[in-house]
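Taken together, the values in this text are just the output of simple stated rules run on the coordinates, not laboratory data. As the structure is a prediction and not an experimental result, all values here were calculated from the model. Here the Cβ is made from the backbone with ideal geometry for all residues, glycine too, and neighbour counts use every protein chain on show.
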Amino acid sequence: MAMLKMEEWYDLARETNWTPSYVTEDELFPLPMSNNFDIPVSTWESFDEPYKVSYRDYVKSQRDKDVGAYSVKAALARSDFFKKASPHWKALLALHFSAVCWAEFHSASAFGRMTRFSRSPGMRNMATFGTLDEIRHGQIQIYFAYEFLKHDGVFDWCHKSSKTENWIIISLRHALDDIAHTRDATSAAIMLNMGLEQSFTNLQFVALSADAAKCGDHSFATMLQSIQTDEARHAQIGEPMVRIMCENGKKAEAQQLVEIAFWRMWKQFSALSGIGMDYYTPLEHRENSLKDFMDEWVIGQFGRTIEALGLDLPWYWDYLQYDISTFHHAQQIGVYVYRATQWWRPIACVSPAEREWLESKYPGWNETYGKCWDVVIENIRNGDFEKTVPAPPPLICNMCGLEVSGIAGDHWKSVDHQVELDNRLYHFCSPVCKWIFEIEPSRYKGHASIIDRCFDGTIGTGPDDFYEYMGHSFAERGVDGYDYEWIDGYDTPQRAAE
Amino acid sequence: MSVEPQGMKTWSKLATNKRRPSEYEIVTTNLQTRHRHREQAYELSPAPDLAMNQWYKENVFDSPLQHHDWEEFRDPDALIYRVYTRTQDVQEDYIDGLLDEHNEIDHDASLSAEWLDALERLYTPRRYVQSALQLGGAYLLQIAPASTITTCAGFQEGDELRWLSRTAYRTQELKNAHPTCGFGIKERTYWEDDPAWQGLRELLEKSLIAYDWGESFVAINLVAKPAADETLRELGAAGRHYGDHLLALLVDNQLRDSDRSRRWSAQLVGFCREVDGNTAVIDGWIEKWMPLARTAIESYCDALPESEGAAASAVARVEAFHRSLGLKD
């Protein structure tokens, strides 16, 4: 072959900046879409992606990947895997697919922002691949999810959830819109790639695909691994961006962007992946807990990455360690007891054997969150099902949109971090969510949480109004995925004793 | 007993379709979140407190181009990612073959000095055109009000990078064969200063700042891109007169991608025309942008050697494309 090697022509494809003269620079790269952070364009042009790929090689490798992934999908269609899957695994699949299909597709637009409004030609080309990748991730995942729809209508939410006002969807949209879709190209590149792709997608995709393989769901596992290879490539946009910021006197700005984005994504992954890993994954297939994965992949690996880039560990690193062991346990209680507000069938996952596992991974769990579950269990055993659903609405954080919780147990004290602004009281689940709000209140102050909407008249007061507002028909209100049969595990020893 | 779930035949939002949904519809519709609330496209403070919500409100919800349900738009090619990469991989194989064969026969050494001057001035600077069109596609996809439109624009952006890359590739080959020419060195200067390019540069720069999403679509996809593509077609035609069959074949292949852009763009125009008033809006924008396009085509084509009448032909083809949209019915 008399072909040029990629490195011979690649730099020419990155020499594409020009000086406009028929419009001004500010018109072509306006706020709020573009922000140079007062760093010269020539410096941004030095952006050098660590992993280089040509369009030619991109379409070839992506085609090959899809052949592999979709052949597994075809096998899935012929198997009766789903019929045999436990309610545990079904809940996990429904939660995952309903949250990620539109979220990933949405990211295509964030990469579009980076391409259109960045001054780094190399980054623009990488972000073009990022856009294509995210179209792929939306499409491949929703196609896999579609396979389950004929078995179970909850998977309709993989398609419809994007435009609903369900409280979990609002929470996820708020986080993603904050870090990726309402920021200038530079900030979005740093926040999306450092705060999400490089830190947490490993958690969702690598960890979950390992669990999936153990559960016999090889289609899910193969697809997740295939997605992760894309994420790992385009996530590399973040590092050179941070390096340029740090080397040009903008470390503090980069540090803040990473800290905001990382925390916002941590809250989402804590609730979604945390519940998925420590509760919904069938016990016999669980090895590592959320905490185990966080210690290895995030506290360890991501921490080293950001320090190597010249950033400091986030100021809240100690608080994060506390949150890793606590937040998602409280969220699991909330998701279960308010299960009618979920589109899938939540499961408790606190059988005696599961509690033993939780206690081993999170020493003290039985004396804290376990006490809360004791009350739920007692009510179910007494047939007082209505008592398992709290009458008062939860307090929802005005940043992450999740429940303000704290550590359950005899000394349960949930700490509501508050800010009063313009005669409105805002509630936060943590000092970090509050800190993010106070950095730029105008970004956040006009948003109403789902509970705020109940009180400001947005949502009616009729018995069905709340559900209709969220997009739930009566049949779409979550019920216990096991129809409470998991409680049998508590009856057996008692009967034996009797 | 665990709860027995009830299955569904298809997504509830597609259930009223008369036909069984295709894979395209299953995986491309309703995946966008931002087109819900006029003041609050994004889940943060409403406009005007959050600048991005203000931007979306002004440029999409308040655009002169209106439709009651943008999500109903469908790409006539029903193109999905896995078909896009498969199709383009085959096309790239073909391009690799072309480049390899012509390199083997020392094609670039056979080019005349007169034609090399034309390539240096009028071909290799085209990577800036591709870059501008890449930016245009990237804006459209991030602002479009439906996932089916975003997907079309995403593949179009990919195409622009494809030809940006191939132009860079050819630039390096020509530089290797003719190191004393300006290949790989003078492109930016030509693009910024040569009179042949100034019309296209003005058209592209100005269309890139048409931030209203509807006007952006018209300015880029119905005017600037077709105009740029028609100048490319004339360049390829001139190449044939100078024995540069490689360039002509590359241009032919690039225009295949552009044809796809025109197909979905025409479909979107037809979709918009279902709503009263949109025809006049689109027609008005075309009228507004065509003078710049005519100037752009003329200034470029007039510089092409062996190309008498090229500008008129190129303009006529852009106008024929506009007539095919049925706006003047």
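I'd like the projected area of the protein assembly as shown, averaged over all directions, using the convex hull of its alpha carbons. Report it in nm² with one decimal. Write down the numbers at each step before the final one.
Details: hull surface 141.0 nm².
For the protein assembly as shown, the mean projected area of the Cα convex hull comes to 35.3 nm².
Can you tell me the FRET efficiency between B:ARG240 and A:ASP26 if r is taken as the Cβ-Cβ distance and R0 is 41 Å, rounded to the nearest 0.05?
Values: r = 43 Å, r/R0 = 1.05.
With R0 = 41 Å, the Cβ-Cβ based efficiency is 0.40.
Rounded if a/c is under 1.5, else prolate if a/b is larger than b/c, else oblate: which is region A:56-135, with a ≥ b ≥ c the root eigenvalues of its Cα gyration tensor?
On the way: a/c = 5.23, a/b = 1.84, b/c = 2.85.
Oblate, since a/c reaches 1.5 and b/c is not below a/b.
Could you size up the charge dipole of chain A around its Cα centre, putting +1 on the beta carbon of Lys and Arg and -1 on that of Asp and Glu, and report it in debye to the nearest 20? Mind showing how you got there, number by number?
Values: 47 positive and 71 negative charges, 209 e Å.
Dipole about the Cα centre, nearest 20: 1000 debye.
May I ask you to compute the full-extension gain from B:GLU114 to B:GLN54, defined as 0.36 nm times their residue separation minus their alpha-carbon distance, rounded to one decimal in nm? Mind showing how you got there, number by number?
Numbers: separation 60, 0.36 × 60 = 21.60 nm, distance 5.28 nm.
Taking 0.36 nm per residue and subtracting the Cα distance, the gain is 16.3 nm.
With labels modelled as points extended 7 Å from the Cα through the Cβ direction, what inter-label distance (nm, one decimal) is found for B:ASP193 paired with B:THR180?
The two pseudo-label positions are separated by 2.2 nm.
How far apart, in nm, are two points set 7 Å out from the Cα along the Cα-to-Cβ line at B:GLU72 and at A:THR19?
Distance between the two pseudo-spin positions: 5.1 nm.
Based solely on its DSSP helices, what 222 nm [θ] is calculated for the protein assembly as shown when runs of n ≥ 4 H residues each add -39,500 (n - 2.57) and the sum is averaged over all residues, nearest 500 deg cm²/dmol? It would help to have the intermediate numbers written out before the result.
Working: 38 runs with 468 residues, N = 827.
The per-residue figure over the protein assembly as shown is -17500 deg cm²/dmol.
By the gyration tensor of its Cα atoms, with a ≥ b ≥ c the square roots of the eigenvalues, what is the shape of chain B: rounded for a/c under 1.5, prolate for a/b over b/c, or oblate? Please report the intermediate quantities before stating the final value.
Details: a/c = 2.17, a/b = 1.65, b/c = 1.32.
Note, shape of chain B comes out prolate.
For chain A, which longest stretch is free of loop sites, where a loop site is one of the trypsin sites (Lys or Arg not before Pro) that DSSP puts outside H, G, I, E and B and that has at most 10 other Cβ atoms within 10 Å?
Looking at chain A, A:6-412 is the longest stretch - no exposed trypsin sites (Lys or Arg not before Pro) with at most 10 other Cβ atoms within 10 Å.
Starting from the 7 Å offset along Cα-to-Cβ, what nm value, one decimal, do you get for the label separation of A:TYR51 and A:SER442?
Result: 3.8 nm between the two label points.
Hey, fewest Cβ within 10 Å first, where do A:ASP480, B:ASP212, A:ASP491 land in order? Mind dumping the intermediate values first?
Values: A:ASP480 21, B:ASP212 18, A:ASP491 10.
Starting with the residue having the fewest Cβ neighbours, the order is A:ASP491, B:ASP212, A:ASP480.
Hey, what did region A:28-475 get for relative contact order, percent, Cα under 8 Å, at least 6 apart? Numbers along the way, then the final one.
On the way: 574 pairs, mean separation 69.4, N = 448.
This gives 15 percent for region A:28-475.
What size of dipole, in debye to the nearest 20, comes out for region B:1-55 about its Cα centre when the only charges are +1 on Lys and Arg C-beta atoms and -1 on Asp and Glu C-beta atoms? Intermediate results must be reported in sequence, preceding the final value.
Numbers: 8 positive and 6 negative charges, 80 e Å.
Around 380 debye, computed over region B:1-55.
Would you calculate the convex hull of the Cα atoms in region A:157-293 and tell me its volume per residue in Å³? Intermediate values should be presented prior to the final figure.
Numbers: hull volume 15.9 nm³, N = 137.
With only Cα atoms used, region A:157-293 gives 116 Å³ per residue.
Ignore the peptide's own chain and count Cβ atoms of other chains within 10 Å of each Cβ in A:22-28; give me the average, rounded. Display every interim value, and only then the final one.
Numbers: counts 10, 7, 2, 0, 1, 5, 5.
Mean number of neighbouring Cβ atoms from other chains: 4.
Who wins for biggest fluctuation among B:ILE220, B:ILE143, B:ILE105 in a Gaussian network model of chain B, springs between alpha carbons below 10 Å?
Greatest mean-square fluctuation among the candidates belongs to B:ILE105.
For region B:175-241, state the semi-axes of the equivalent ellipsoid (square roots of 5 times the eigenvalues of the alpha-carbon gyration tensor), sorted largest first and rounded to whole angstrom. If you can, show how the numbers build up before the last one.
Working: eigenvalues 159, 50, 17 Å².
After diagonalising the Cα gyration tensor, the semi-axes are 28, 16, 9 Å.
Quote to one decimal, in nm, the extra length available between A:ALA475 and A:TRP412 on full extension: 0.36 nm per residue of separation minus the C-alpha distance between them.
Details: separation 63, 0.36 × 63 = 22.68 nm, distance 3.44 nm.
Length gained, A:ALA475 through A:TRP412: 19.2 nm.
Past 27 Å, Cα to Cα: identify those pairs from A:LYS90/A:LYS291; A:LYS60/A:LYS160; A:LYS65/B:LYS175; A:LYS291/A:LYS371; A:LYS60/A:LYS291; A:LYS84/B:LYS18, in the order given.
On the way: A:LYS90/A:LYS291 23 Å; A:LYS60/A:LYS160 32 Å; A:LYS65/B:LYS175 35 Å; A:LYS291/A:LYS371 21 Å; A:LYS60/A:LYS291 38 Å; A:LYS84/B:LYS18 33 Å.
In this structure, A:LYS60/A:LYS160; A:LYS65/B:LYS175; A:LYS60/A:LYS291; A:LYS84/B:LYS18 exceed 27 Å between Cα atoms.
What does the C-alpha gyration tensor say about the overall shape of region B:1-117? Classify as rounded when a/c is under 1.5, otherwise prolate if a/b is larger than b/c, or oblate.
It comes out oblate by the Cα gyration axes.
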